[in-house]
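Presented below is the structure to which this report refers.
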Amino acid sequence: MKRRTILYVLLAAVLIGAVVGYQLWNKPHQDLAAAKTDVAVDATALYNEYNTDENAANAKYLDKVVAITGKVKEASKDPDGSVKVSLDAGSEMGVVACELSPFAKHTRTDFQSGEQVTFKGKCTGLNLDVVFVECVEAKQ
Amino acid sequence: MKKIIFVFSALFLLAHAGQAQKFFTRDAKIKFSSETPMEKIEGLNKSGTCVLDAATGKMEWKVLIKGFLFEKALMQEHFNENYLESSVYPNAQYKGQITNLNEVKFNQDGKYNVKTSGKLTIHGVERDVNMEGTLKVSNGNLEVLSNFVIKPEDYKITIPSLVKDNIAKEIKVVVSAVLAPLKS
């Protein structure tokens, strides 16, 4: 009887371990639409911060949920359906580039140049442009 | 400071317009895959940059590590935190030189096999490498495609022994990009 109890406990432990492991393995990408914004910033201000002191800007924005607001300069759609929206950063040299998240549903994927938008996304750093990935449009 | 350098480079380019033609993209796709019987891992980055100087055959590629996206969030996390340490080494780059430049006619549509040699930097480790690819001149744009293989151990990327059978010893990389003439 006692041996059987131990067996059940062990079995339960293995089962729980497997379920937890499986869930961790299949952990979904962070839902940025629902996530709390860590920092909100204007595209031009962000771009200027990056071009003034890249390290300081990285410390401030990398791995954070950033709400980025700006005027659409250009939007492009790939043959595979992925969308990249460039926000005007007040410079001829670079923009704030926002890749729409391939992991999220979007209410729209068409953006007109000149319109004001806010995206929530993850900052990846400066590579001529300041590049954001996993972006979703923030509800107004 | 970087902006100032950039403006000066642009002015320099302007002064030499007609002689030197540069090509550029900010939408280069860099995809890598690790395939083992245990699992397949793929990462994709769509915002790589490249500047290619047709006159000298010099090229510079750069990609932000945090911009690689994976189907599984856990893989993306491990890639950034444990393997590539993207907070310490935020980008990877290749500075190369086309070694068979005389075989490429940038002003004429056609497809060319291009050989380059240069320095590839990943995870803060710089290595001398030779890279090959194809370059297709089409309507004034350059379509670049290159397949190559890198070994994580060459770049001091250590894979814990627990998962060493899950990650390939040789990672396949595909780079594809369309470079447009840089307007000056």
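Given the structure, is A:F132 part of a loop (DSSP other than H, G, I, E, B), open to solvent by less than 50 Å² (accessible area, probe 1.4 Å) and in contact (Cβ under 8 Å) with a residue 12 or more places away in the chain? Answer is no for this residue.
Okay, residues lined up against (1) hydroxyl-bearing (S, T, Y); (2) within 13 Å of the chain's Cα centre (by Cα); (3) assigned to a strand (DSSP E or B):
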residue: B:V51; (1), (2), (3): no, yes, yes
residue: B:V63; (1), (2), (3): no, yes, yes
residue: B:N80; (1), (2), (3): no, no, no
residue: B:E85; (1), (2), (3): no, no, no
residue: B:Y94; (1), (2), (3): yes, yes, yes
residue: B:N102; (1), (2), (3): no, no, no
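Among residues of segment A:45-62 that are under 13 Å from A:A89 (Cβ atoms), those with a Cβ under 6 angstrom from a residue that is among the hydroxyl-bearing types (S, T, Y) and open to solvent by less than 40 Å² (accessible area, probe 1.4 Å), sequence gap 6+ or separate chain, pair up as A:A57/A:Y50.
The single condition among (1) under 17 Å from the mean Cα position of the chain (by Cα); (2) within 24 Å of A:T124 (Cβ to Cβ); (3) surrounded by 14 or more Cβ atoms within 10 Å (Cβ to Cβ); (4) among the basic types (K, R) that B:K115 does not meet is (2).
Within segment A:62-79, identify whether any single residue is over 19 Å from the mean Cα position of the chain (by Cα), closer than 19 Å to B:L44 by Cβ and either more than 11 Å from chain B (Cβ to nearest Cβ) or open to solvent by 70 Å² or more (accessible area, probe 1.4 Å) (or both), and answer yes or no. Looking for residues that are over 19 Å from the mean Cα position of the chain (by Cα), closer than 19 Å to B:L44 by Cβ and either more than 11 Å from chain B (Cβ to nearest Cβ) or open to solvent by 70 Å² or more (accessible area, probe 1.4 Å) (or both), one finds at least one in segment A:62-79, hence yes. Right, B:I171: among the β-branched types (V, I, T), open to solvent by less than 40 Å² (accessible area, probe 1.4 Å) and in contact with a helix residue (DSSP H, G or I) (Cβ under 6 Å, 6 or more places away or on another chain) or not? Against the criterion (among the β-branched types (V, I, T), open to solvent by less than 40 Å² (accessible area, probe 1.4 Å) and in contact with a helix residue (DSSP H, G or I) (Cβ under 6 Å, 6 or more places away or on another chain)), B:I171 does not qualify.
With respect to A:K120, determine if the residue is modelled with pLDDT of 95 or more, more than 13 Å from chain B (Cβ to nearest Cβ), buried (at least 16 other Cβ atoms within 10 Å of the Cβ) and within 26 Å of B:A92 (Cα to Cα). Here the answer is yes, as A:K120 does meet what is asked. Residues that are more than 21 Å from B:E42 (Cα to Cα) and assigned to a loop (DSSP other than H, G, I, E, B) were ranked within segment B:133-168; the one that is least open to solvent (accessible area, probe 1.4 Å) is B:G140.
Residues in segment B:120-132 that are on the phi > 0 side of the Ramachandran plot and either assigned to a strand (DSSP E or B) or open to solvent by less than 30 Å² (accessible area, probe 1.4 Å) (or both): B:H123 alone.
Taking every residue in segment A:96-121 that is outside the structural domain of A:E49 (by TED's automatic domain parsing) and pairing it with any residue that is among the aromatic types (F, W, Y) and at pLDDT 95 or above, at least 6 positions away or on another chain, yields no pair with a Cβ-Cβ distance below 6 Å. If you check A:S113, A:S91 for being over 29 Å from B:F79 (Cα atoms), open to solvent by 50 Å² or more (accessible area, probe 1.4 Å) and of a type in the set (G, A, S), only one passes: A:S113.
The values are calculated or read from the model by the stated rules, or taken from the named source; none is laboratory data. Please read these numbers as outputs of a predicted model, since none were measured by experiment. Quick reminder, even Gly has a Cβ in these numbers, built from the backbone with ideal geometry, and neighbours come from all protein chains shown. Ligands, DNA and RNA are excluded from the accessible area calculation, which covers all protein heavy atoms including side chains. Shrake-Rupley method; radii C 1.70, N 1.55, O 1.52, S 1.80 Å.
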